[in-house]
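The values are calculated or read from the model by the stated rules, or taken from the named source; none is laboratory data. As the structure is a prediction and not an experimental result, all values here were calculated from the model. Cβ coordinates were reconstructed from backbone atoms using ideal geometry, including for glycine residues, and neighbour counts include every protein chain displayed.
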Amino acid sequence: MTPKNLLILISDEHRRDAMGCMGHPIVKTPNLDALAARGAVFENAYTPSPMCVPTRAALATGDWVHSIRNWDSATPYDGSRRSWMHVLRDAGMDVVSIGKLHFRSGEDDNGFSQEILPMHVVGGIGWPIGLLREDLPDYGAAAELAADVGVGESSYTQYDRDITAAAETWLRDRAGAERPWAAFVSLVSPHYPLTCPKEWYDLYDPAEMDLPVGYGAGGPKHSELKNVAGFWDYDRYFDETSLREAKAAYYGLTSFMDDCVGRVLAALEESGQAEETLVLYVSDHGDMMGDQGFWTKQVMYEQSAGVPMILAGPGGPEGRRVTTCANLVDVAATAYEVANVDVPAVGVSLVGLAQGADDPERTGFSEYHDGGSTTGTFMVRWADWKYVHYVGHAPQLFDLADDPHELHDLAGEESARVQDALSEGAARLRGICDPEAVNAQAFADQRRKIEALGGREACLTAYLFNHTPTPGEQAEMSDASGGSI
């Protein structure tokens with residue numbers, strides 16, 4: 001059966017391994033597990049960039065960050081490049097967003113027929129501190145992550161409740177509608193602040209939380225990763241007790257998010273449209289949660305660059321585990337297949353990937369040009385190998401079969417096996433882009449953006465926040481500043 005509708009459920013900062021269906025021994029995600037049981041789980045899915053704003057631009061356009069040049073958190077998608085949403089809307093589908101978008105503005109034509117409760121970047125600008133990569137500033141807001149850990153409601157959990165209720169209403173109102181639709185339901189949990197409602201926090205005992213991978217090892221040894229860790233210095237604000245509490249809160253927020261997903265899927269079922277709707281669950285990137293000395297994202301370790309991905313519904317297999325590398329840029333091609341439109345795409349349909357034989361040779365790819373980095377970072381993955389290229393620095397190489405936690409960088413070894421893998425990784429990367437040329441373009445564009453915003457000092461003082469305010473909070477900021485944000 002060919003699906004008539006497309007429902008994309010996207011969370012924020014959900015690491016790939018934090019699901020029961022991925023074998024996690026603690027995290028409770030019954031609704032995602034049920035979705036996986038009736039669909040396909042992509043075990044090696046990646047984000048185009050381990051940062052919200054560039055990834056969401058790449059997801060919308062179905063193209064790589066270096067191609068669309070939405071490098072960072074101050075260069076959001078503005079609707080000027082055609083998105084899969086534009087294509088589906090022009091093909092006659094209702095295309096709605098409910099929740100977080102992280103685009104420039106709702107005043108832009110982003111391609112949706114309607115944007116419900118949209119969260120866009122602050123003031124149409126975003127987070128300009130991340131532009132200052134040639135002379136990294138201090139980032140004092142990093143202390144907030146540890147300070148926010150605990151039990152309670154946050155603006156984000158309330159926002160997710162509102163998004164979920166709006167999605168339930170929208171789906172039920174669509175019951176019996178003849179016109180096909182695509183809905184992009186975008187939750188913010190388990191993104192920090194790590195303040196978790198008691199019902200969900202109490203599912204996890206902090207004393208039973210495992211310590212992070214590489215805990216106590218003294219932080220990163222790689223030269224560029226030291227730069228990133230020095231800027232995003234979350235780790236120094238945690239001790240063993242608070243990091244266990246942080247993990248309990250993160251897992252609690254993950255279960256809270258899973259409950260929201262379950263409510264939306266129940267509304268789809270109750271509306272009588274489930275059998276004609278393809279459902280895709282993804283997140284925009286992962287979260288390191290203290291592994292390797294890092295918190296949140298920004299790096300190419302699996303916990304950050306890997307994303308959960310589950311596809312279920314008509315046209316897809318049941319109970320399938322897909323090991324072929326997938327990417328969020330494949331979402332556009334998937335949408336085109338549902339809409340039955342012939343549009344060239346960088347990615348491929350996830351339905352086809354789920355139906356086909358596993359292909360260890362398909363390349364996984366991600367890149368990073370945002371805050372805390374002093375150079376462009378590029379990752380390629382194939383079979384069990386992961387190669388990470390840092391312009392101007394030594395690369396990293398990991399054998400994920402022997403070293404799934406990426407604790408042993410093989411790049412310095414002289415064996416033929418390692419040298420062949422390094423050569424293969426470099427060749428695969430250059431088949432996608434010229435990293436030196438891309439890096440130079442990113443810095444040139446960012447220098448122009450810094451100048452346009454008023455220079456370094458303006459970037460340091462404008463829009464200081466650790467996580468994007470909700471739409472309600474942004475409205476309050478605008479009122480307090482006379483509408484100037």
Can you go through 3, 48 and tell me which one is surrounded by 24 or more Cβ atoms within 10 Å (Cβ to Cβ) and farther than 19 Å from residue 118 by Cα? 48
Go through the range 222-276 and count every residue that is touching a residue at least 24 places away in the same chain (Cβ under 8 Å) and either of a type outside the set (A, V, I, L, M) or in contact with an Asp or Glu (Cβ under 6 Å, 6 or more places away or on another chain) (or both). 36
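The rows are residues; the columns are (1) under 13 Å from residue 290 (Cα atoms); (2) part of a helix (DSSP H, G or I); (3) charged (D, E, K, R).
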residue: 200; (1), (2), (3): no, yes, no
residue: 248; (1), (2), (3): yes, yes, no
residue: 260; (1), (2), (3): no, yes, no
residue: 263; (1), (2), (3): no, yes, yes
Say we look at the range 154-187 and pick out the residues that are over 30 Å from residue 339 (Cβ atoms) and touching a Ser or Thr at 6+ places or on another chain (Cβ under 7 Å); which of these is surrounded by the fewest Cβ atoms within 10 Å (Cβ to Cβ)? 155
When residues of the range 1-19 are limited to those that are more than 19 Å from the chain's Cα centre (by Cα) and outside any loop (DSSP other than H, G, I, E, B), the one nearest to residue 247 (Cα to Cα): 6
On the basis of being out of contact with any Cys (no Cβ under 9 Å at 6 or more places or on another chain), buried (at least 23 other Cβ atoms within 10 Å of the Cβ) and modelled with pLDDT of 95 or more, does residue 118 make the cut? no
Condition first: out of contact with any Lys or Arg (no Cβ under 6 Å at 6 or more places or on another chain) and part of a strand (DSSP E or B). Now tell me which residues in the range 22-40 satisfy that. 39
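Yes or no, residue by residue, for (1) crowded, with 24+ Cβ neighbours inside 10 Å; (2) in contact (Cβ under 8 Å) with a residue 60 or more places away in the chain; (3) charged (D, E, K, R):
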| residue | (1), (2), (3) |
| --- | --- |
| 23 | no, no, no |
| 52 | yes, yes, no |
| 64 | no, yes, no |
| 70 | yes, no, no |
Residue that is nearest to residue 165 (Cα to Cα) [pool: residues in the range 91-115 that are surrounded by 22 or more Cβ atoms within 10 Å (Cβ to Cβ) and out of contact with any strand residue (DSSP E or B) (no Cβ under 6 Å at 6 or more places or on another chain)]: 102
Exclusive hit being assigned to a loop (DSSP other than H, G, I, E, B), out of contact with any Gly (no Cβ under 6 Å at 6 or more places or on another chain), more than 23 Å from residue 111 (Cα to Cα) and of a type in the set (Gly, Ala, Ser), set 126, 176: 176
Out of 116, 98, report the one residue that is within 20 Å of residue 11 (Cα to Cα), under 19 Å from the mean Cα position of the chain (by Cα), in contact (Cβ under 8 Å) with a residue 24 or more places away in the chain and part of a strand (DSSP E or B). 98
Mind listing whichever residues of the range 129-149 are hydrophobic (A, V, I, L, M, F, W, C), in contact with a Leu (Cβ under 8 Å, 6 or more places away or on another chain), farther than 22 Å from residue 250 by Cα and in a loop (DSSP other than H, G, I, E, B)? 132
Among residues of the range 304-322, those that are over 16 Å from residue 228 (Cα atoms) and within 19 Å of the chain's Cα centre (by Cα), counted: 6
